[in-house]
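A.B. asks: The structure's right below; bear with me while I get my questions together.
The values are calculated or read from the model by the stated rules, or taken from the named source; none is laboratory data. Given the structure is predicted, the values throughout are model-derived calculations rather than measurements. As a convention, Cβ positions derive from the backbone with ideal geometry for all residues, glycine included, and neighbour counts pool all protein chains shown.
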């Protein structure tokens, strides 16, 4: 007898339906599995056989053939076990074949028949919903993320006995309870903790309001890491669609907790500088997301920027411009969203004290030049805002009053974002923030006064700005005008935007030795 059940596989972050076809006949004992399955999938024959034995179902006298269709799509993971077991039971006549029609099965089986949790349940359920699936059986351990998907009747399976009874109509399995919205959390990293550094605080506000990338250059202890850690607290809370996308990414890599909510804070990722290219942008034989995707809709912080591998940094050039990353391999390709707010921090020289009035820097000009050349010009050119941080004076830190907290700054950021949303709806632009505006849309929304236009043209000529740098200055100026509540861009907005773009990264010239 032939029976068919539905399961799902992940291609990038998209769930794709897989037809699990099982034919069982009396005859020479065998268990064949076809359909471009990798090792963990092929091993399901052992798990399924042992789990079915717990029901008293002996398949040792049957010839069983399992086909995973479409056959040209590579299948990975062990979440096909439940679908294979359900289709096998139907093919043997132990459960009605009609009970499997249009039903999705996800879950890994243990030898004892228990259903183990699976990664990527949330995006696979979302993909099944788009394909018209209305009923799904998922592991009980994945109840929390399954509750985030509406319009799918999800049932929780704890053991193979639960599934067997449910398919025979002898038991109605429990449905996941809707997750209560999370309360507004109090961020332990408040901007009021930062004393001094007014230019850097202002740069954080502008970057949060317009979605601009930021690089900070300063000596050790100037507050670069402290400032970067407080940036997520300045960003608006994720929309429902953004929160669902963040949860789907975390589900794929196994970071989603037992009680997820669509109202959590934006992600903050700070990989160590020893991270590999694959760890940063994603990859592998079966492509998996990297740090740039895990920080999607949040903040990706790269501390000690010159210490990262050159190849890893260069691989970021396309994602931070396009907002996505495509991993191509011989057996397929996967596309992951990659739209974080990039924040970089670096020292001015290897010892960190170049330009310090105390004279502590002992680096030669050649060492400084070599150190700074580890970060390519094209990568720096893609970063919107450049800020130089002066050394922190301990005396000033003790005397300085606490500045504005994250809550006050965040209120202004939300106001600027609302202005951008209204303008996007009125002008039908594509970018959600000023940083993501296309050149054509930027021309439509960045109206310049005559004085501002002349100032920008002079700055571009005098500073030798590239075409990309020119448009980035214009985008930053548009954000500054939004924070000021100005409909058009004025000279003072251009002046501040240019000041946030100019950063002398050049070491002194090498002096000839007589």
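A.B. asks: Let me spell it out: the conditions are (1) surrounded by fewer than 23 Cβ atoms within 10 Å (Cβ to Cβ); (2) in the same structural domain as residue 83 (by TED's automatic domain parsing), and residue 120 meets all of them except one. Which number is the exception?
C.D. replies: Among (1) surrounded by fewer than 23 Cβ atoms within 10 Å (Cβ to Cβ); (2) in the same structural domain as residue 83 (by TED's automatic domain parsing), the lone unmet condition for residue 120 is (1).
A.B. asks: Consider residue 245 against the criteria (1) in contact with a helix residue (DSSP H, G or I) (Cβ under 7 Å, 6 or more places away or on another chain); (2) over 22 Å from residue 386 (Cα atoms); (3) in contact (Cβ under 8 Å) with a residue 24 or more places away in the chain: it satisfies all of them except one. Which criterion is unmet?
C.D. replies: Result: residue 245 fails condition (1) only.
A.B. asks: Being surrounded by 23 or more Cβ atoms within 10 Å (Cβ to Cβ) and assigned to a helix (DSSP H, G or I) is the filter here, so list the residues in the stretch 206-232 that pass it.
C.D. replies: 206, 207, 208, 209, 210, 224, 227, 228
A.B. asks: Loosely packed, with under 15 Cβ neighbours inside 10 Å and either outside the structural domain of residue 78 (by TED's automatic domain parsing) or more than 25 Å from residue 287 (Cβ to Cβ) (or both): which single residue out of 25, 65, 48 fits that description?
C.D. replies: So the residue among 25, 65, 48 that is loosely packed, with under 15 Cβ neighbours inside 10 Å and either outside the structural domain of residue 78 (by TED's automatic domain parsing) or more than 25 Å from residue 287 (Cβ to Cβ) (or both) is 25.
A.B. asks: Quick one: what pairs do we get from the stretch 338-359, first residue on the phi > 0 side of the Ramachandran plot, second in a loop (DSSP other than H, G, I, E, B) and surrounded by 23 or more Cβ atoms within 10 Å (Cβ to Cβ), C-beta under 8 Å, 6+ apart or different chains?
C.D. replies: Matching pairs, first to second residue: 355/348.
A.B. asks: Quick check: anything in the stretch 445-453 touching a helix residue (DSSP H, G or I) at 6+ places or on another chain (Cβ under 8 Å), within 16 Å of residue 385 (Cα to Cα) and in contact (Cβ under 8 Å) with a residue 40 or more places away in the chain?
C.D. replies: Scanning the stretch 445-453, I find no residue that is touching a helix residue (DSSP H, G or I) at 6+ places or on another chain (Cβ under 8 Å), within 16 Å of residue 385 (Cα to Cα) and in contact (Cβ under 8 Å) with a residue 40 or more places away in the chain, so the answer is no.
A.B. asks: Any chance you could count how many residues in the stretch 307-344 are under 20 Å from residue 214 (Cα atoms), touching a strand residue (DSSP E or B) at 6+ places or on another chain (Cβ under 8 Å) and surrounded by fewer than 19 Cβ atoms within 10 Å (Cβ to Cβ)?
C.D. replies: Residues in the stretch 307-344 being under 20 Å from residue 214 (Cα atoms), touching a strand residue (DSSP E or B) at 6+ places or on another chain (Cβ under 8 Å) and surrounded by fewer than 19 Cβ atoms within 10 Å (Cβ to Cβ): 3 in total.
A.B. asks: Quick check on this structure: which one of 78, 71, 83 is at pLDDT 95 or above and in the same structural domain as residue 156 (by TED's automatic domain parsing)?
C.D. replies: Residue meeting the stated conditions: 83.
Residues checked against (1) in the same structural domain as residue 6 (by TED's automatic domain parsing); (2) within 21 Å of residue 1 (Cα to Cα); (3) surrounded by 18 or more Cβ atoms within 10 Å (Cβ to Cβ); (4) touching a residue at least 40 places away in the same chain (Cβ under 8 Å):
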residue	(1), (2), (3), (4)
29	yes, yes, no, no
32	yes, yes, no, no
40	yes, no, no, no
44	yes, yes, yes, yes
52	yes, yes, yes, yes
59	yes, yes, yes, no
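A.B. asks: Name the single residue that is modelled with the highest pLDDT among those in the stretch 134-179 being in the same structural domain as residue 95 (by TED's automatic domain parsing), in a loop (DSSP other than H, G, I, E, B) and in contact with a strand residue (DSSP E or B) (Cβ under 9 Å, 6 or more places away or on another chain).
C.D. replies: If we take residues in the stretch 134-179 being in the same structural domain as residue 95 (by TED's automatic domain parsing), in a loop (DSSP other than H, G, I, E, B) and in contact with a strand residue (DSSP E or B) (Cβ under 9 Å, 6 or more places away or on another chain), then 158 is modelled with the highest pLDDT.
A.B. asks: Same structure, new question: Residues 300, 280: which one is crowded, with 23+ Cβ neighbours inside 10 Å, assigned to a strand (DSSP E or B), within 17 Å of the chain's Cα centre (by Cα) and modelled with pLDDT of 95 or more?
C.D. replies: After ruling out the rest, the residue left standing is 300.
A.B. asks: Kindly check whether there is at least one residue in the stretch 256-268 that is buried (at least 19 other Cβ atoms within 10 Å of the Cβ), at pLDDT below 90 and in the same structural domain as residue 215 (by TED's automatic domain parsing).
C.D. replies: Yes, some residue in the stretch 256-268 is buried (at least 19 other Cβ atoms within 10 Å of the Cβ), at pLDDT below 90 and in the same structural domain as residue 215 (by TED's automatic domain parsing).
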